[in-house]
Amino acid sequence: MMLSLAPPSNPSRSLATNPRTKAPFQIAKTHPISGLLLPIRSMHRELKLSSSITSEKRLPTAQAVSERVEGGTRMTRGGEDVKLLGRWASPLVMRTRTALNLKGVDYEFLEEVFGVKSELLLESNPVYKKIPVLIHEGKPVCESMIIVQYIDDVWAATPPAILPADPYDRALHRFWAHYVDDKWFPSVFASSRAQTEEARAEAVEQVFAGLKLLEEAFQKCSKGKGFFGGDTIGYLDIALGCSLGWLKATEKMTGIKFLDEAKTPLLAQWAERFCANDAVRGLMPETDKLVEFAKMLQAKFKTAAPAK
Amino acid sequence: MATAAKGVVLLDFWVSPFGQRCRIALAEKGVEYEYKEENLWDKSPLLLKANPVHKKIPVLIHEGNPICESLVIVQYIDEVWSNNPLLPSDPYERAQARFWADFVDKKIYECGTRLWKLKGEAQEEARKDMIEILKLLEGELGDKKYFGGETFGFVDVAFVPFSAWFYSYETCGNFSVEKECPKLVAWAKRCMERESVSKSLHDPHKVHEFVGHLKKMYGVE
């Protein structure tokens, strides 16, 4: 599954090329919103065109489509080629960006156009064809928490450690991260998208039940400190924290206050601490933008062909 | 936990491929442990206390601490007992191993269940999906001895228990794993030469008998 990208001829442009044809990767031939047939010269140009044409698909101002993200003063391994394929709204992408920020790693963020999968994405994640994909020195790594562990492994010499040192603590972080992905986060989505009142009520109950469990998990994992990882953001902080944007958006859409200081005080305080952290600030999507995005998605699914 | 006992206990169910992953990992490391068979239709208080969130096996209890979720358990075993490492040391190879073990987790059990539970068009779809999944895995294996290369590793541990279900998948889905994925069948035979695997897996006909019981329970056929 190795994808070897030809190194850019002009490093400052960081253009990804197809190793077989040597042509730059194409994103889309027909623009999904305007329907314009765009002359494709380069991936970067395509993305720039799409962002200028579609005001409703405005990318967050912080990300001009393809940006060089400075990792700060802590350059751990100089001159490495790190690219991340992602989209602004995705909590899974945010996980990987948080991990890169924690380690102070310089990377290039390549924003995928919503509704269109780039050739680069299809080549680097042929199994799932989904973001995020980290491409490190031409080699792709897929699945958000696997990417986070990879970042922790590669930049192990740079603090903070993302996974704890103790095997049992590591097992706890992995277990709860899996729970967030497998059970809790799907119920957050279901609580705003459920088709029946019964399904919605069940989903809402699951969200609350999950938060209660996670409150207990916080108590156990944090050992009195500010994060699941202790003094610094760790694996489970990343797994759960990056879904806070969507949790807030869901609260707005449903009118239900899920994260309540009265019910889960530790989590409520942790959430504020997480969002204010240097590694996270600037990455959390704005609640209103997510609500707008969710409404657009729901409208899109409603107008799609009826289910079998 | 009620007991602060030292030592290793595995709460498990004989035919569970998830439990077998843990048995194989423990055997590869040469760890002695107490095996406790659970009746999944009458779960023990110990299981309910050790895994209150999911109430499922396998659960590893080590020095009184419960660890749940089979791949979390296998990684825990690999980290506590560092002999015969199951995960490679190179970060990229580790990421690949985690990816494919996770792929097995996401795809095989769910698709296998559809194969024996459903009929007609839905079963036909499950058959197509299973062949596609197995072919992807065979592609990843390639001509290697194991998924881990020359050494038996994490992906092998994650996937090999399902090889005891190949006969059931073939019979329910009316296809031949050997015909579709001969390299996988050869790999499974190689794995069975390892004592850790041969002592943990059950005869495919016994597995199929179990599937027969499940079908009766769910009123299939």
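Every number here is computed from the coordinates shown, using simple stated rules; none is lab data. The model shown is predicted, which means the values in this text are computed figures rather than measured ones. When we count neighbours, we look across all protein chains shown, and the Cβ atoms used for this are built from the backbone with ideal geometry, even at glycine.
When you go through (1) facing chain B (nearest Cβ under 9 Å); (2) within 20 Å of A:ASP81 (Cα to Cα) one by one for A:ALA157, which number turns out not to apply?
(1)
Looking at B:SER200 and the list (1) in a loop (DSSP other than H, G, I, E, B); (2) in contact with an Asp or Glu (Cβ under 9 Å, 6 or more places away or on another chain), which single condition is not satisfied?
The one condition B:SER200 does not meet is (2).
Would it be correct to say that A:LYS252 is among the basic types (Lys, Arg) and either assigned to a loop (DSSP other than H, G, I, E, B) or touching a residue at least 60 places away in the same chain (Cβ under 8 Å) (or both)?
Here the answer is no, as A:LYS252 does not meet what is asked.
Scan the range A:137-153 and tell me whether some residue there is away from chain B (no Cβ under 13 Å) and either among the hydrophobic types (A, V, I, L, M, F, W, C) or in contact (Cβ under 8 Å) with a residue 40 or more places away in the chain (or both).
The answer is no, given that none of the residues of the range A:137-153 is away from chain B (no Cβ under 13 Å) and either among the hydrophobic types (A, V, I, L, M, F, W, C) or in contact (Cβ under 8 Å) with a residue 40 or more places away in the chain (or both).
Which numbered condition trips up A:ALA249, out of (1) surrounded by 22 or more Cβ atoms within 10 Å (Cβ to Cβ); (2) within 22 Å of A:GLY104 (Cα to Cα)?
(2)
Quickly run through the range B:97-129 and pick out the residues that are out of contact with any Gly (no Cβ under 8 Å at 6 or more places or on another chain) and over 30 Å from B:LEU87 (Cα atoms).
B:ARG114, B:TRP116, B:LYS117, B:LEU118, B:LYS119, B:GLY120, B:GLU121, B:ALA122, B:GLU124, B:GLU125, B:LYS128
Within the range B:56-69, how many residues are farther than 22 Å from A:CYS142 by Cα and facing chain A (nearest Cβ under 10 Å)?
7
Name the single residue, out of those in the range B:164-191 being over 14 Å from the mean Cα position of the chain (by Cα) and of a type in the set (A, V, I, L, M), that is surrounded by the most Cβ atoms within 10 Å (Cβ to Cβ).
B:VAL177
Among B:TRP81, B:TRP116, B:TRP100, which is within 26 Å of A:VAL141 (Cβ to Cβ) and in contact (Cβ under 8 Å) with a residue 40 or more places away in the chain?
After applying the criteria, what remains is B:TRP100.
Limited to the range A:255-277, what total is found for residues that are surrounded by 14 or more Cβ atoms within 10 Å (Cβ to Cβ) and not in a helix (DSSP H, G or I)?
7
Does A:TYR128 count as at the interface with another protein chain (Cβ under 10 Å from one of its Cβ atoms), surrounded by fewer than 17 Cβ atoms within 10 Å (Cβ to Cβ), within 20 Å of the chain's Cα centre (by Cα) and among the hydroxyl-bearing types (Ser, Thr, Tyr)?
Criteria met by A:TYR128.
Please find, among B:VAL72, B:VAL53, the residue that is surrounded by fewer than 19 Cβ atoms within 10 Å (Cβ to Cβ) and within 14 Å of chain A (Cβ to nearest Cβ).
Within the list B:VAL72, B:VAL53, the selection yields B:VAL53.
Which residues, counting only those in the range B:94-125, are among the aromatic types (Phe, Trp, Tyr) and away from chain A (no Cβ under 11 Å)?
B:TYR109, B:TRP116
Write out, first by first residue and then by second, each pair whose Cβ atoms fall under 8 Å of each other, whose residues are 6+ apart or on separate chains, and whose first residue, in the range B:135-150, is within 11 Å of another protein chain (Cβ to nearest Cβ) while the second is part of a loop (DSSP other than H, G, I, E, B).
So the pair list comes out as B:LEU136/A:VAL127; B:LEU137/B:CYS181; B:GLU140/A:MET1; B:GLU140/B:PHE147.
Residues that are more than 14 Å from every other protein chain (Cβ to nearest Cβ) and not in a helix (DSSP H, G or I): does the range A:164-187 have at least one?
no
Filter the range B:187-213 down to residues that are of a type in the set (Gly, Ala, Ser) and within 14 Å of B:PHE162 (Cα to Cα), then give me how many there are.
3
Test B:TYR76 against the criterion of being touching a His at 6+ places or on another chain (Cβ under 9 Å) and of a type in the set (Ser, Thr, Tyr), and give yes or no.
It is true that B:TYR76 is touching a His at 6+ places or on another chain (Cβ under 9 Å) and of a type in the set (Ser, Thr, Tyr).
Please go through the range A:164-201 and give me each residue that is farther than 26 Å from A:LYS257 by Cα and under 18 Å from the mean Cα position of the chain (by Cα), ordered by number.
Correct list: A:ARG174 only.
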